[in-house]
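The next block holds one structure in the form of structure tokens; read it before the comments.
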Amino acid sequence: MPPPPAKWKGTCEFNFTACNNKIIGARHFKTSNGTPLDHEGHGTHAASTAAGNFVRGANVFGNANGIAAGIAPLAHLAIYKVCSLDCAESDILAAMDTAIEDGVDVLSISFGGYPRELHDDDISLGAFGAMQKGIFVSCSAGNSGPYAFTLSNDAPWILTVGASTTDRTLRATAVLGSKLELNGESAFQPKGLPLVYPGTIGSDFSDKYCDPKSQNRTGVKGKIVLCYVTNDIRSTKIEQGRVVKDAGGAAMILMNIGPDGFTTSADAHVIPATDINYEDGQKILAYMNSTSAPTATIVFKGTIIGDKRAPTVAAFSSRGPSTVSRGIVKPDIIGPGVNILAAWPNSVENKTNTRNTFNIISGTSVSCPHLSGVAALIKSAHPGWSPAAIKSAIITTADTVNLENQPMQDEKHLPADIFATGAFHVNAAKASDPGLIYDIETHDYIPFLCGLTYTSRETFTRTATNVGEDNSSYAVEVVSPRDLNVTVNPQTLNFSKLNQKLTYEVSFSLPPFGGDAGAASQGYILWNRLSIQ
């Protein structure tokens, strides 16, 4: 990795950039001495996700073992310092300006806040300046899901990235005294440790979340402690395990709260533990209520590949619609963000004899650098493409079905909607050859910024650019949203040369009796490549 730029500007938790087709990075720092070293891990993990080199034998406690590599492993990284004791908005803009000045190609920002108006959003303002210079900007959607209107970084010139699961699980199965087996996850998997839970959950509200005060009085020593996953942003699942360990607990079963559904995480716990979904957690509670002496063990089964439901939307992934404008579909895309193995600045296994240290974490901070790496690969293959062209290629080639070839699902295993997925899941291989792209120049955003809006009776025009074969034809396929009629004219685009641009019209109209006021529905326009003429 080349040395970072000489300039170190303070900003708030800001994760990458790319320079000369090489990813450059920055990370979240909160240090009192001003050092740029990563003591917390977030930046190291995100940087290696985007552009980590090939490393054999990457694993955590032996799990998820294999060859690790970032999305763009031949890219270079430069790390910009972000926060010291605080994160001033002026520092955020200063860091983004520095990255632009350093000649970056891709700027990846794995942080955000609450939804804000664009004129009052420092990331939006900085990203607009980057876009004007031809720099692609991708940002995390946020970790406030599954609730609507929770995403940040929703400017239309930003690629807003949500998080999805992968088909890999690090299985830790809770086996109850009733012989019922419930599969969960954990990255810490000790061998052959029988565990029992002779107690019951306390009645105090805080007991359910393994609160430090409650653990001192509920008598958990030597027991498996059943806890709800905390919704306190100041705590983590690992810290919950630390509370149980400090109170003398032998192990821990974490069960999701209702909104988290089936999204579980494989953390590097400090005690034997498993994280199970909400539905299975209710089964444990029912079992405990059925007997006066409930018992359990945790059986660790290692790395399991092949979850056919994957990818599903992560429960924590923030949802749209945009608070700035209902006309902006956000997030734009989802990418891998659950239980991702990547580099870490220190050994979570307390090893002292290795240079290669890894950890498994989850979040849209993790999914964002996946898309940053994809953008860098596209930029390398098509150096003349604008940020809008790269964004178009990513969005229009996204996968809409899971590994079972069924519609993608959310955290409750229900069909996921566009406010959870945007264009659905990134397909990095297809994105470099989209066939058609939709390009947007800076001045095209001005009507939007001036408050220009469209009604259902007006007509939109879009211009497609042929980046596939010289002589290509595309036929339109329209799936109209519920209670809305959509027509496209012309219905076929015939290109005679590369980079040729053709414009078509999209008209919207309401049915005779209208639709539900305020209701949301979704549809799409798809151009299918026919044949080379």
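Take the stretch 273-310 and flag every residue that is of a type in the set (D, E, K, R), more than 24 Å from the chain's Cα centre (by Cα) and loosely packed, with under 13 Cβ neighbours inside 10 Å. Across the stretch 273-310, the qualifying residue is only Lys301.
Answer yes or no as to whether Ala69 is over 27 Å from Phe149 (Cα atoms) and either out of contact with any Pro (no Cβ under 6 Å at 6 or more places or on another chain) or at pLDDT 90 or above (or both). Answer is yes for this residue. Look at (1) in contact with a Pro (Cβ under 6 Å, 6 or more places away or on another chain); (2) over 23 Å from Leu151 (Cβ atoms); (3) aromatic (Phe, Trp, Tyr) and you find that Trp385 fails only one, number (1).
Name the single residue that is modelled with the lowest pLDDT among those in the stretch 427-448 being assigned to a loop (DSSP other than H, G, I, E, B) and in contact with a helix residue (DSSP H, G or I) (Cβ under 6 Å, 6 or more places away or on another chain). Here the residue is Ile440. What do you reckon, is Ser178 at pLDDT 90 or above, outside the structural domain of Ser235 (by TED's automatic domain parsing) and closer than 30 Å to Ile224 by Cα? So Ser178 does not fit the description; no. Evaluate the stretch 111-123: report whether one residue or more is in contact with an Asp or Glu (Cβ under 8 Å, 6 or more places away or on another chain), crowded, with 18+ Cβ neighbours inside 10 Å, on the phi < 0 side of the Ramachandran plot and assigned to a helix (DSSP H, G or I). The answer is yes, given that some residue of the stretch 111-123 is in contact with an Asp or Glu (Cβ under 8 Å, 6 or more places away or on another chain), crowded, with 18+ Cβ neighbours inside 10 Å, on the phi < 0 side of the Ramachandran plot and assigned to a helix (DSSP H, G or I).
Show me the strands (runs of 3 or more DSSP E) found entirely inside the stretch 264-346 where at least 1 residues are out of contact with any helix residue (DSSP H, G or I) (no Cβ under 9 Å at 6 or more places or on another chain) and not assigned by TED's automatic domain parsing to the domain that holds Asp410.
Qualifying strands (runs of 3 or more DSSP E): 273-276, 296-305.
Checking each residue in the stretch 243-266 for being among the small types (Gly, Ala, Ser) and surrounded by fewer than 24 Cβ atoms within 10 Å (Cβ to Cβ) picks out Ala247, Gly248, Ala250, Gly258, Gly261.
Are any of the residues in the stretch 132-143 charged (D, E, K, R) and either within 28 Å of Val338 (Cβ to Cβ) or at pLDDT below 90 (or both)?
No: the stretch 132-143 contains no residue that is charged (D, E, K, R) and either within 28 Å of Val338 (Cβ to Cβ) or at pLDDT below 90 (or both).
When Ile390 is tested against (1) surrounded by 22 or more Cβ atoms within 10 Å (Cβ to Cβ); (2) in a loop (DSSP other than H, G, I, E, B), only condition (2) is not met.
Rundown of residues vs (1) in a loop (DSSP other than H, G, I, E, B); (2) within 19 Å of Ala375 (Cα to Cα), yes/no style:
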{"position": "Thr49", "(1), (2)": "no, yes"}
{"position": "Asn53", "(1), (2)": "yes, yes"}
{"position": "Ile92", "(1), (2)": "no, no"}
{"position": "Leu107", "(1), (2)": "no, yes"}
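Just one of the numbered conditions (1) in contact (Cβ under 8 Å) with a residue 24 or more places away in the chain; (2) under 22 Å from the mean Cα position of the chain (by Cα); (3) under 22 Å from Leu180 (Cα atoms) is not true of Thr236: (3).
Using the structure shown, decide if Ala251 is modelled with pLDDT of 90 or more, of a type in the set (Gly, Ala, Ser) and more than 22 Å from Thr165 (Cβ to Cβ). The answer is yes for Ala251. Among the conditions (1) part of a helix (DSSP H, G or I); (2) closer than 30 Å to Arg326 by Cα, Thr98 misses just one, which is (2). Remark: pairs (first residue in the stretch 397-420, without any contact (Cβ under 8 Å) to a residue 40 or more places away in the chain; second residue in a loop (DSSP other than H, G, I, E, B) and of a type in the set (A, V, I, L, M); Cβ separation under 7 Å; 6+ apart in sequence or on different chains) = Thr400/Met408; Val401/Met408. Within the stretch 48-64, which residues are more than 17 Å from Asn350 (Cβ to Cβ) and either crowded, with 20+ Cβ neighbours inside 10 Å or more than 22 Å from the chain's Cα centre (by Cα) (or both)? Selection gives Ser48, Thr49, Ala50, Ala51, Gly52, Phe54, Val55, Arg56, Gly57, Ala58, Ala64.
Counting only residues that are part of a loop (DSSP other than H, G, I, E, B) and buried (at least 20 other Cβ atoms within 10 Å of the Cβ), the stretch 399-411 holds 4 of them.
Please enumerate the residues belonging to the stretch 410-429 that are within 15 Å of the chain's Cα centre (by Cα) and not hydrophobic (A, V, I, L, M, F, W, C). Selection gives Asp410, Glu411, Thr421, Gly422, His425, Asn427.
The values are calculated or read from the model by the stated rules, or taken from the named source; none is laboratory data. It should be emphasised that the depicted structure is a prediction, and the values quoted were computed from it without experimental measurement. FYI the Cβ positions are ideal-geometry reconstructions off the backbone, even for glycines, and counts take in every protein chain you see.
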